[in-house]
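A short reminder: the numbers here are calculations on the coordinates, not readings from a lab. Predicted model only: the values in this text are computed from it and were never measured. Every residue, glycine among them, receives a Cβ derived from its backbone with ideal geometry; neighbour counts consider all protein chains shown.
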Amino acid sequence: MISSELRVLDIEDAVLWCDVWRKRNLRIAFTNGCFDVLHIGHLALLDFTLSKCDRLIVGINSDASVRRLKGRNRPINTARDRATMLASFTMVDAVVIFDEDTPMKLIEKLEPDVLIKGGDYKIKDIVGAERTLAVGGKVYRCPMHGHQSTTKIIARTA
């Protein structure tokens, strides 16, 4: 087992960790995406979180979810591999794989204090933003780092 795999959690364990962190008065942030082919934009997003929270949970779409959202030729990397790679970053405290097309159920269970997405999203379009703001949480948009996207990277290699 790769050591970062220990931070790839199921939803129940992630909820338990959130309870522990809350008891320690730590701010919990959540971000999500496919993270199919990691690039500098992903790193910029994760790095941006450092000033916004004490603990970061990353939700990633399952393989089936990525196929529904991106097409039959995706994902390039399996959910387990994507999760393990993300969990290897020091700013990531936990990674949870979800099968739905959006992370709403995951957000409802984790109840993060902070939601973070890329700057290409409008606040009103960020899944869970309305709920997070309604309970006093914060929503941040990370400034874009160039115009990187996995879809564009894959298109260049085709």
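May I ask you to list pairs of residues, at least six apart or on different chains, whose Cβ atoms are under 8 Å apart, with the first in the range 98-115 being without any contact (Cβ under 8 Å) to a residue 24 or more places away in the chain and the second being surrounded by fewer than 21 Cβ atoms within 10 Å (Cβ to Cβ) and not charged (D, E, K, R)? Matching pairs, first to second residue: Lys105/Phe98.
Considering the range 1-36, and only residues there that are surrounded by fewer than 19 Cβ atoms within 10 Å (Cβ to Cβ) and of a type in the set (A, V, I, L, M), the residue that is nearest to Thr102 (Cα to Cα) turns out to be Ile11. Scanning the range 15-51 for residues that are among the charged types (D, E, K, R) and touching a residue at least 60 places away in the same chain (Cβ under 8 Å), which turns out farthest from Val139 (Cα to Cα)? Looking at residues that are among the charged types (D, E, K, R) and touching a residue at least 60 places away in the same chain (Cβ under 8 Å), I get Asp36. Residue check: is Asn61 among the polar types (S, T, N, Q) and under 15 Å from the mean Cα position of the chain (by Cα)? Yes; evaluated as a whole, the condition is true for this residue. Per the conditions (1) over 20 Å from Arg27 (Cα atoms); (2) buried (at least 20 other Cβ atoms within 10 Å of the Cβ), the sole criterion not satisfied by Leu106 is (1).
Checked against the criterion of being touching a Leu at 6+ places or on another chain (Cβ under 7 Å), free of Cβ contacts under 8 Å to residues at least 40 places away in the same chain, over 19 Å from Val127 (Cα atoms) and surrounded by fewer than 23 Cβ atoms within 10 Å (Cβ to Cβ), the candidates Asp81, Asp54 yield just one match: Asp54.
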